[in-house]
Amino acid sequence: MMKYVCIFLLSLLSITKTGQDLYTCKNARITLFSSALIEDIKAVTSSGVSVYNATTGELNFSVPISTFQFEKAFMQQHFNSDYMESDKYPRAIFKGKIQEHIDAAKDGTYPVNVIGDLTVHGITEKRTIQGTVTIKNGIVSTASEFMVKCADHHIDIPQILFYHIAESIKITVSATYNPYKNIP
Amino acid sequence: MKSLLTILFLAISTGVMAQVTATDSLFNSMSSDKQHGPVTIFESSRLILTQSTETIKKNNLNVLVIHRFGDAAGNLGGGKTFFGLDAVADVYIGLEYGLTNDLNINIGRSTIPTVGGLVSGQLKYAALHQTNDDSSPLAISLIGQAGVRPYNTYSSFGDRWSYFGQAIFARKFSHIFSFQVAPSILYNNLPEPNEPGNENAIFSLSATASLKVTKLMSLVVDYAHPFSSFRNNNTGFSDPLGVGMQVVTGGHVFTLNVTNSRAVNEMNYLSNTTSDYGRGQYRVGFTISRMFDFNHKEKYNTKR
């Protein structure tokens, strides 16, 4: 009996050793856009990082809030200190899983639904985010556009400010991946 | 056999865990926070009496209006002057421009009628920034200022000049509390006030604390002490002390304050603060700071 248990456990062990197709991106471009009465507010960063696991379909993103570049220096300051409190919550993070099957060996653009947790301003929301995964000559890239409601993430809009951001912010994400080689 | 089984089980369970977190562990290692960005220690380049370590960013123009009303109480205060609001002790109107993110040029004019006004020019350099990862635990800014008094009667043109140098050391201790100390040296070509025994050069030390009470409002306490044998309570001098509330409104910063010092400029309030809280010689004052950004909007699309 013990022998069979051992064999069974050993066979499990061998499964865990199978390799995984991991892809990484260190310069994901993320923009935010707020349409407002007086002036539109936009910001961009290329400092997002992303990991895509082609075996499990896991797709994670992380962006340092303070790297967003605004048109005006004081907007950037208020964005960090008054809205996002980036010293307390330095990153926005999304951890999700692609629902559809993607054949990384086959070129094409796959529309996908990614279900996961979006953490912004320290508040985590369960989200289903639509996007695309593109495979071209073996290069993986992802793109998405979605809305984030300030209220969902407890981002207060101070009434005393002379400009206001919209209640919903449009976020666009684009990332191109490199295969991750795990050299021990 | 049992122990072998335990070892196997442990090996497998860690193996399974490794599989589950293969994505996460790589992700976590990639998104570790190695931020070196400068910390914004104060919301404005001006506190109440003292300037802060903050500089105006490149191609930004800061328009400053700093006002000190008359004595709120004492002989000159009370209801007949509407607690000093009828009178003007000093008004400073100035422009501050960012040559680079770390180097500012500033020009301004003070009313201060007792010494014939003051026109001052200044360079301010942010020599060191505090960083998020504490690789630099504090910020240091350096100020060099020259001022000339255009009115009143002076025996020579040289007597109208004063020079001021200051090093400001500031740290944001928590997301609500910031503190700075600023040693400075002031040189008046003609001692102010021009009395026997008064020194030309005055060394002084300023200390300022800022406490955020709401997201947009901070309580500020600002104090300066000139180390001068001529200046003491017996000769009628007081240390300048200000308490105020700073409100940020996006592009504007307002400070409403109470000070004993009548003058706005360092050269004047360090030389000659004779007004004392005990004699009712304190006043309401305010600072308005309005920021204009001259960076082209197209820059948003390019890498900055």
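The values are calculated or read from the model by the stated rules, or taken from the named source; none is laboratory data. In this text, all values refer to a predicted model and were calculated from it rather than measured experimentally. Positions of Cβ are backbone-derived with ideal geometry, glycine not excepted, and every protein chain shown enters the neighbour counts.
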Reported set for region B:160-194 where residues are part of a strand (DSSP E or B), within 30 Å of A:LYS88 (Cβ to Cβ) and of a type outside the set (Phe, Trp, Tyr) is B:ILE168, B:ALA170, B:ARG171, B:LYS172, B:SER178, B:GLN180, B:VAL181, B:ALA182
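So that you can scan it fast, the table gives a plain yes or no per residue for (1) out of contact with any helix residue (DSSP H, G or I) (no Cβ under 8 Å at 6 or more places or on another chain); (2) buried (at least 20 other Cβ atoms within 10 Å of the Cβ); (3) at pLDDT below 90:
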{"position": "A:ALA36", "(1), (2), (3)": "yes, no, yes"}
{"position": "A:PRO64", "(1), (2), (3)": "yes, yes, no"}
{"position": "A:PHE68", "(1), (2), (3)": "no, yes, no"}
{"position": "A:GLN77", "(1), (2), (3)": "yes, no, yes"}
{"position": "A:ASP103", "(1), (2), (3)": "yes, no, yes"}
{"position": "A:LYS106", "(1), (2), (3)": "yes, no, yes"}
Residues of region B:195-205 being in a loop (DSSP other than H, G, I, E, B), in contact with a strand residue (DSSP E or B) (Cβ under 9 Å, 6 or more places away or on another chain) and loosely packed, with under 15 Cβ neighbours inside 10 Å, in sequence order, are B:ASN200
What number goes with the only condition from (1) in contact with a Ser or Thr (Cβ under 7 Å, 6 or more places away or on another chain); (2) modelled with pLDDT under 90 that A:LYS72 does not pass? (1)
Return the total of residues in region B:242-293 being free of Cβ contacts under 8 Å to residues at least 60 places away in the same chain and among the small types (Gly, Ala, Ser). 3
Counting only residues that are part of a loop (DSSP other than H, G, I, E, B) and farther than 18 Å from A:ILE30 by Cβ, how many does region A:95-121 have? 9
Hits in region A:37-87 (condition: assigned to a strand (DSSP E or B), without any contact (Cβ under 8 Å) to a residue 24 or more places away in the chain and facing another protein chain (nearest Cβ under 9 Å)): A:SER46
Does A:ALA143 satisfy being touching a helix residue (DSSP H, G or I) at 6+ places or on another chain (Cβ under 8 Å), of a type outside the set (D, E, K, R) and not in a loop (DSSP other than H, G, I, E, B)? no
Hey, A:TYR83 touching a Gly at 6+ places or on another chain (Cβ under 6 Å), of a type in the set (Ser, Thr, Tyr) and more than 30 Å from A:ILE139 (Cα to Cα) or not: no
Filter region B:188-206 down to the residues that are over 16 Å from B:THR273 (Cα atoms) and touching a residue at least 12 places away in the same chain (Cβ under 8 Å) and list them by number. B:ASN189, B:LEU190, B:GLY197
Is it true that A:THR109 is hydroxyl-bearing (Ser, Thr, Tyr) and either closer than 24 Å to B:ALA22 by Cα or touching a Pro at 6+ places or on another chain (Cβ under 7 Å) (or both)? no
Return the total of residues in region B:153-181 being polar (S, T, N, Q), touching a Lys or Arg at 6+ places or on another chain (Cβ under 6 Å) and more than 14 Å from every other protein chain (Cβ to nearest Cβ). 0
Output the residue which, of all residues in region A:163-177 that are buried (at least 17 other Cβ atoms within 10 Å of the Cβ) and away from every other protein chain (no Cβ under 14 Å), is modelled with the lowest pLDDT. A:ALA166
Check region B:183-192 and report whether any residue there is surrounded by fewer than 16 Cβ atoms within 10 Å (Cβ to Cβ) and under 30 Å from A:ILE157 (Cβ atoms). no
When every residue in region B:241-286 that is surrounded by fewer than 23 Cβ atoms within 10 Å (Cβ to Cβ) and among the β-branched types (Val, Ile, Thr) is compared, the one nearest to A:ASN80 (Cα to Cα) is B:THR249
